[in-house]
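Participant: Got a structure for you, questions after.
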């Protein structure tokens, strides 16, 4: 069995159905996801600080900046929202997307964005640079483009969950609907979509960020989704490799 398929099979056999079961099977993975997702864009985030906040709701001997601390704490709240939403099988829509974004970015917007009227959980009011040759959708077009994006993934089933999740993530980053935190909310919401369709959630490891960015740029520049799909397959196995090997032992 190929590596990716073995990870999917491993997950399906776990038969995760409730929020409590999901919390149990994720266990340390929630910490690792928050650490890697946060560190992709904020190099000040450490695994130890993330672990302490998730496990003890605080840190000891912290010497970093306040924004980093808020980002880590927010990732814990966003993880709780993920578990509750999975338990309730909440429909993926723009209201839920905004909720995820608000949890991830509250108390972290810088003074410039705040003065420009930008708020966590609300679509951007101004343009912001995203990739090499993209600036995202115009602010006045964001709501319509996000609505269309959710309509495009409305008929997803378990068999094409990864392709749909990859498309959603690539298109969301291309739209760049928020003033900040687009990458973090995109990675977390992608996992929510996967979980709804009995697919293992994915940690995009921060040491693989160059390959990750390259895969996203392939969509931005050429509308090629295959590089991102293949990258996500590799990351899926990397995420669950230890558990799979332990199961075989």
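Where a number appears in this text, it was derived from the coordinates with a stated rule and is not lab data. As the structure is a prediction and not an experimental result, all values here were calculated from the model. Cβ coordinates were reconstructed from backbone atoms using ideal geometry, including for glycine residues, and neighbour counts include every protein chain displayed.
Participant: Working out 0.36 nm times the residue gap between residue 9 and residue 245, then minus their Cα-Cα distance, what length gain in nm do you get to one decimal?
Facilitator: Working: separation 236, 0.36 × 236 = 84.96 nm, distance 1.29 nm.
So the chain would gain 83.7 nm between residue 9 and residue 245.
Participant: Before rounding to the nearest 500, sum -39500 (n - 2.57) across all DSSP H runs of length at least 4 in the chain and divide by the residue total; then give [θ] at 222 nm in deg cm²/dmol.
Facilitator: Details: 12 runs with 162 residues, N = 249.
When only DSSP H runs of four or more count, the value is -21000 deg cm²/dmol.
Participant: Would you mind classifying region 25-120 by shape? Square roots of the alpha carbon gyration tensor eigenvalues, ordered a ≥ b ≥ c; an a/c under 1.5 is rounded, otherwise it is prolate if a/b is larger than b/c and oblate if not.
Facilitator: Working: a/c = 2.22, a/b = 1.06, b/c = 2.10.
Oblate, since a/c reaches 1.5 and b/c is not below a/b.
Participant: Further question on the same structure: To the nearest 0.05, how large is the calculated FRET efficiency for residue 152 and residue 56 if R₀ is 30 Å and r is the Cβ-Cβ distance?
Facilitator: Working: r = 41 Å, r/R0 = 1.38.
Here the calculated transfer efficiency is 0.15.
Participant: What residues from region 176-192 fall in the zone where the backbone N is under 17 Å from a label point 7 Å along the Cα-to-C-beta line of residue 29?
Facilitator: Taking a point 7 Å out along Cα→Cβ of residue 29, the residues of region 176-192 whose backbone N falls under 17 Å are 187-192.
Participant: At 0.36 nm per residue, and after removing the present C-alpha to C-alpha distance, how many nm does the segment from residue 234 to residue 198 gain when stretched out fully?
Facilitator: On the way: separation 36, 0.36 × 36 = 12.96 nm, distance 1.78 nm.
Extending this stretch completely gives an extra 11.2 nm.
Participant: Moving on to the next point. Could you give the length gained by full extension between residue 223 and residue 128, i.e. 0.36 nm per residue of separation minus their alpha carbon distance, to one decimal place? Could you put the intermediate results ahead of the total?
Facilitator: Working: separation 95, 0.36 × 95 = 34.20 nm, distance 2.08 nm.
Between residue 223 and residue 128, full extension yields 32.1 nm more.
Participant: Any idea what the relative contact order of the chain is, in percent, if you count C-alpha pairs under 8 Å spaced at least 6 apart? Intermediate values should be presented prior to the final figure.
Facilitator: Numbers: 297 pairs, mean separation 57.0, N = 249.
Reported relative contact order: 23 percent.
Participant: Pop a pseudo-label 7 angstrom from the Cα along the beta-carbon direction at both residue 66 and residue 94 and give the gap in nm to one decimal.
Facilitator: Result: 3.3 nm between the two label points.
Participant: Give me the log10 of I(q) over I(0) for the chain at q = 0.18 Å⁻¹, as the Debye formula computes it from C-alpha points; what are the numbers?
Facilitator: One equal scatterer on each Cα of the chain leads to -1.63.
Participant: Based on the mean of other beta carbon atoms within 10 Å per residue, what is the order of 238-245, 191-198, 54-61, most packed first? Could you put the intermediate results ahead of the total?
Facilitator: On the way: 238-245: 16.0, 191-198: 19.9, 54-61: 11.4.
So the order, starting with the most tightly packed, is 191-198, 238-245, 54-61.
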